[in-house]
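The next block holds one structure in the form of structure tokens; read it before the comments.
The values are calculated or read from the model by the stated rules, or taken from the named source; none is laboratory data. Note that the structure is a prediction, hence the values are computed from the model and not measured. Every residue, glycine as well, gets a Cβ built from its backbone with ideal geometry; the counts of neighbours run over all protein chains shown.
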Amino acid sequence: MTEIKTVGVLGCGLMGSGVAQVSAAAGYRTIVREVSDELLGKGRGRIEASLAKFVDRGKIEAAARDAALAHLTFTTDLHALAAADILIEAVTENLELKNDLWMELDGLCGADTIFASNTSSLTIAAMAAATQRPDRFVGLHFFNPVPLMQLVEVVRTVTTSPATVGRTTAFARSLGKEPIAAKDNSGFIVNLLLVPYLLDAIRALEHGVGSVPDIDKGMVLGTGYPMGPFTLLDFVGLDTTFKIAEIMFDEYRETRYAPPPLLKRMVLAGMYGKKSGKGFYDYTTKPPTVTDLGL
């Protein structure tokens with residue numbers, strides 16, 4: 001069985017660039033593919049800025065930063081990923097888009113190449129079925145921000161071989177991560193529990209249970225959470241949460257996964273959270289202030 005030496009990363013957005021960074025920092029030759037030079041440039045900039053912060057804070061030496069950057073190759077050519085021993089997909093949560101890429105890559109990559117999806121809500125089986133390697137297909141769900149978060153969910157489908165799970169788990173550990181084993185249900189372990197909590201916080205706000213800052217403060221000081229649900233929602237992205245909730249509701253048909261009306265209205269208004277400048281908090285002010293949602 002081929003030793004993992006080269007890592008392919010499909011997508012160089014927030015998650016893909018983070019995965020590429022930890023892979024390169026662990027010494028793997030890492031090939032990152034995006035659909036345009038513009039997106040590649042943005043992803044590369046995120047990686048360089050993140051590594052620079054690590055140097056400034058004394059977490060790594062400048063030589064380690066330079067070595068990580070030297071391990072990275074950026075490309076718009078899908079064929080370049082044929083050299084990967086493990087291929088990690090981190091593109092938009094759209095099953096059709098993902099499967100189109102998987103089907104093409106299935107014919108490009110070697111027989112031993114492991115296919116791994118970083119999806120947070122889609123089932124791995126729905127992607128594995130689009131390939132001729134369901135035994136070498138696994139979920140590898142990292143958490144944002146990838147360079148800082150230690151957890152990785154390793155997701156086994158009904159067709160994933162024990163050897164693939166073992167190789168992928170060992171690979172995750174080699175990145176300095178703590179892998180946990182999850183079954184192939186929508187949301188896996190963390191989002192299965194986290195998403196209803198976040199949606200319930202929005203419903204509590206809709207029902208007038210408390211204000212945004214008071215609900216946040218209550219969960220931080222009352223339960224020891226590092227941040228409140230609305231701060232976390234703004235950080236994750238309200239559009240991302242909305243999409244994940246839709247996928248999970250479609251899977252389970254349980255009301256606890258249904259996106260609340262307020263979340264839908266905010267997404268339609270372009271209020272995605274920190275990345276758009278406004279969500280439950282307004283980040284155009286310093287410090288951020290609570291957004292007037294007309295409740």
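Things worth noting here:
- Filter result (part of a helix (DSSP H, G or I) and within 12 Å of Val195 (Cα to Cα)) within the stretch 256-284: Arg256, Tyr257
- Leu101 falls short on exactly one of the conditions (1) in a helix (DSSP H, G or I); (2) surrounded by fewer than 19 Cβ atoms within 10 Å (Cβ to Cβ); (3) touching a residue at least 60 places away in the same chain (Cβ under 8 Å); (4) not aromatic (Phe, Trp, Tyr), and that condition is (2).
Results for (1) of a type in the set (Lys, Arg); (2) assigned by TED's automatic domain parsing to the domain that holds Ala116; (3) more than 17 Å from Arg29 (Cβ to Cβ), shown as yes or no for each residue.
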| residue | (1), (2), (3) |
| --- | --- |
| Arg57 | yes, yes, yes |
| Ala62 | no, yes, yes |
| Asp66 | no, yes, no |
| His71 | no, yes, no |
| Asp77 | no, yes, no |
| Asp85 | no, yes, no |
| Ala90 | no, yes, yes |
| Leu95 | no, yes, yes |
| Lys98 | yes, yes, yes |
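- Some residue of the stretch 73-93 being surrounded by 21 or more Cβ atoms within 10 Å (Cβ to Cβ) and out of contact with any Gly (no Cβ under 9 Å at 6 or more places or on another chain): no
- Test: Ile202 is of a type outside the set (Phe, Trp, Tyr), under 23 Å from Met15 (Cα atoms), in contact (Cβ under 8 Å) with a residue 60 or more places away in the chain and not assigned by TED's automatic domain parsing to the domain that holds Ser117: no
- Unmet requirement for Ala52, which otherwise passes all of (1) in contact (Cβ under 8 Å) with a residue 40 or more places away in the chain; (2) more than 17 Å from Gly11 (Cα to Cα): (1)
- Within the stretch 216-234, the set of residues being in contact with a helix residue (DSSP H, G or I) (Cβ under 6 Å, 6 or more places away or on another chain) and either crowded, with 21+ Cβ neighbours inside 10 Å or in contact (Cβ under 8 Å) with a residue 24 or more places away in the chain (or both) comprises Asp216, Gly228, Pro229, Phe230, Thr231, Leu233, Asp234.
- Any hit, the stretch 248-255, residues being crowded, with 17+ Cβ neighbours inside 10 Å, in a helix (DSSP H, G or I) and not aromatic (Phe, Trp, Tyr): yes
- Residue check: Val22 meets all listed conditions (1) in contact with a helix residue (DSSP H, G or I) (Cβ under 8 Å, 6 or more places away or on another chain); (2) surrounded by 20 or more Cβ atoms within 10 Å (Cβ to Cβ) but one, namely (1).
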